[in-house]
Amino acid sequence: MTTSSVPTTRNEVADRLIDGSIRRSHNSLLEIDWDAAQDPDLFYMPPEMLTLYGTALWEQMTHRERVELSRQEVANTFSRAVWFENTLNQGLLRAMLYQDPTSAHVHYALTELGDETRHMVMFGKMVSAIGAEPYRLSLPQALSVQALPMFYKGLMLYVAALCGEEVIDDVQRRFMHHPQLQPIVAQTMRIHIAEEARHIRFAREGVRRHVRTAPWWSRTFCATANGAGAFILDRMFLDKRAYERCGLPVAEAVRQARANEHSRARRRDSFADLRGFLEDNGLLNPVSRFMWRRYGFLA
Ligand SMILES: [Fe+2]
Ligand SMILES: [Fe+2]
């Protein structure tokens with residue numbers, strides 16, 4: 001690529017991403033056989049990603065019990081991904097009220113909204129297809145989640161998008177080709193990775209652009225608030241209701257999962273790229289570092 005062909009303005013970036021969307025977009029309703037038989041011995045999430053992998057409790061579980069834990073934990077992750085993508089879409093829509101509807105930037109944002117809408121259908125279909133109960137938000141949780149898009153303005157919109165998208169993307173890339181993975185999950189990951197690659201480029205460009213001009217209080221707010229991403233991602237990976245549904249001793253499972261060094265190492269790996277990007281843009285501070293460390297994403 002020559003220097004002159006590197007997109008520099010937000011509309012040039014958006015034009016490139018629209019081109020990519022035209023070339024490669026997916027509809028899981030057409031591309032995934034949701035009714036295909038599932039091998040009861042294949043994992044719904046690679047075992048290495050499960051919260052109890054490698055613990056004493058894990059060693060006592062049968063293969064089928066481990067598979068059931070993978071079914072519950074993937075159902076939790078994708079149930080939460082639905083509301084996370086919902087909040088990002090709300091943020092994009094709110095921002096658009098102040099933007100030029102004829103610009104490539106707005107047109108790409110609308111394209112991304114469409115991608116996320118299809119992802120929400122895909123995740124819901126997957127939870128249903130694997131025969132799991134969705135992990136629904138309680139009323140207080142739903143009220144808290146409703147507040148999130150109110151903070152997704154300017155720099156914070158793109159920082160929030162990256163916190164959710166990059167970590168999950170890294171995990172999916174690492175495990176998409178796992179030999180013991182249910183094909184239905186691998187297909188879902190493949191579609192999601194392909195489309196999220198564009199969303200991540202859009203969000204990274206948004207961060208770089210906004211961070212240059214954002215006032216100090218906005219940069220400070222974003223550098224602090226991204227620590228909440230650690231808490232949200234922790235809940236995407238670990239929900240004690242999954243242990244309940246598997247008939248495991250809940251308190252002991254939570255204790256062992258929290259102390260699981262294997263899980264913490266995996267979390268650190270998945271956060272490494274985003275951490276570097278946030279550091280480079282001055283978007284980590286002692287508060288957010290404390291939070292990312294508290295939930296195992298930083299050593
Ligand atoms: Fe998505
Ligand atoms: Fe996305």
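Would you check if E65 is within 16 Å of ligand 2 (Cβ to nearest atom) and of a type outside the set (A, V, I, L, M, F, W, C)?
No; evaluated as a whole, the condition is false for this residue.
Take residues that are within 22 Å of D170 (Cα to Cα), among the hydrophobic types (A, V, I, L, M, F, W, C) and open to solvent by 30 Å² or more (accessible area, probe 1.4 Å) and tell me which of the helices (runs of 4 or more DSSP H) falling wholly in the stretch 241-299 contain 1 or more.
Of the helices (runs of 4 or more DSSP H) lying wholly inside the stretch 241-299, those with at least 1 residues that are within 22 Å of D170 (Cα to Cα), among the hydrophobic types (A, V, I, L, M, F, W, C) and open to solvent by 30 Å² or more (accessible area, probe 1.4 Å) span 261-280, 286-294.
Among what's in the stretch 112-144 and is over 24 Å from Q38 (Cα atoms) and either hydroxyl-bearing (S, T, Y) or within 16 Å of ligand 1 (Cβ to nearest atom) (or both), pick the residue that is surrounded by the most Cβ atoms within 10 Å (Cβ to Cβ).
E112
Can you find, within the stretch 18-47, the residue that is farthest from T111 (Cα to Cα) among those that are open to solvent by 70 Å² or more (accessible area, probe 1.4 Å) and of a type in the set (A, V, I, L, M, F, W, C)?
If we take residues in the stretch 18-47 being open to solvent by 70 Å² or more (accessible area, probe 1.4 Å) and of a type in the set (A, V, I, L, M, F, W, C), then A37 is farthest from T111 (Cα to Cα).
Within the stretch 58-85, how many residues turn out to be over 30 Å from P149 (Cβ atoms) and within 12 Å of ligand 1 (Cβ to nearest atom)?
Adding up the residues that qualify gives 0.
Quick check on the stretch 30-50. Is at least one of its residues more than 30 Å from C246 (Cβ to Cβ), of a type outside the set (S, T, N, Q), out of contact with any strand residue (DSSP E or B) (no Cβ under 8 Å at 6 or more places or on another chain) and in a helix (DSSP H, G or I)?
yes
Is there any pair with a first residue in the stretch 165-185 that is touching a residue at least 24 places away in the same chain (Cβ under 8 Å) and a second that is assigned to a loop (DSSP other than H, G, I, E, B) and of a type in the set (G, A, S) whose Cβ atoms are under 8 Å apart and which are 6 or more apart or on different chains, and what are they?
Note: pairs meeting the criteria are P183/A36; I184/A36.
Restricting to the stretch 201-240, what's the tally of residues that are within 16 Å of ligand 2 (Cβ to nearest atom) and either without any contact (Cβ under 8 Å) to a residue 24 or more places away in the chain or open to solvent by 70 Å² or more (accessible area, probe 1.4 Å) (or both)?
The qualifying residues number 1.
Which residues, counting only those in the stretch 216-240, are part of a helix (DSSP H, G or I) and in contact with an Asp or Glu (Cβ under 9 Å, 6 or more places away or on another chain)?
The answer is F237, and nothing else.
Give the residue that is nearest to E116 (Cα to Cα), with candidates limited to residues of the stretch 154-173 that are crowded, with 16+ Cβ neighbours inside 10 Å and of a type in the set (D, E, K, R).
That would be E165.
Looking only at residues that are in a helix (DSSP H, G or I), open to solvent by less than 70 Å² (accessible area, probe 1.4 Å) and at pLDDT below 95 in the stretch 1-17, which one is nearest to H178 (Cα to Cα)?
Ranking the candidates gives V13 first.
Does any residue of the stretch 84-103 turn out to be more than 26 Å from C222 (Cα to Cα) and either open to solvent by less than 50 Å² (accessible area, probe 1.4 Å) or charged (D, E, K, R) (or both)?
Yes; the residues of the stretch 84-103 include at least one that is more than 26 Å from C222 (Cα to Cα) and either open to solvent by less than 50 Å² (accessible area, probe 1.4 Å) or charged (D, E, K, R) (or both).
What number of residues within the stretch 90-111 are in contact with a helix residue (DSSP H, G or I) (Cβ under 6 Å, 6 or more places away or on another chain) and within 16 Å of ligand 1 (Cβ to nearest atom)?
Residues flagged as in contact with a helix residue (DSSP H, G or I) (Cβ under 6 Å, 6 or more places away or on another chain) and within 16 Å of ligand 1 (Cβ to nearest atom) within the stretch 90-111 amount to 6.
Give the residues of the stretch 182-199 that are within 11 Å of ligand 1 (Cβ to nearest atom) and polar (S, T, N, Q), sorted by residue number.
T188 - this is the single residue of the stretch 182-199 that is within 11 Å of ligand 1 (Cβ to nearest atom) and polar (S, T, N, Q).
Out of the helices (runs of 4 or more DSSP H) lying entirely within the stretch 82-200, which hold 2 or more residues that are within 14 Å of ligand 2 (Cβ to nearest atom) and of a type outside the set (D, E, K, R)?
Because the criterion is at least 2 residues that are within 14 Å of ligand 2 (Cβ to nearest atom) and of a type outside the set (D, E, K, R), the helices (runs of 4 or more DSSP H) in the stretch 82-200 that meet it are 104-129, 155-175.
The values are calculated or read from the model by the stated rules, or taken from the named source; none is laboratory data. The structure displayed is predicted, hence computed values, not measured ones. Glycine also receives a Cβ, built like all others from the backbone with ideal geometry; neighbour counts cover every protein chain displayed. The accessibility values were calculated without ligands, DNA or RNA, using every heavy atom of the protein model including side chains. Shrake-Rupley method; radii C 1.70, N 1.55, O 1.52, S 1.80 Å.
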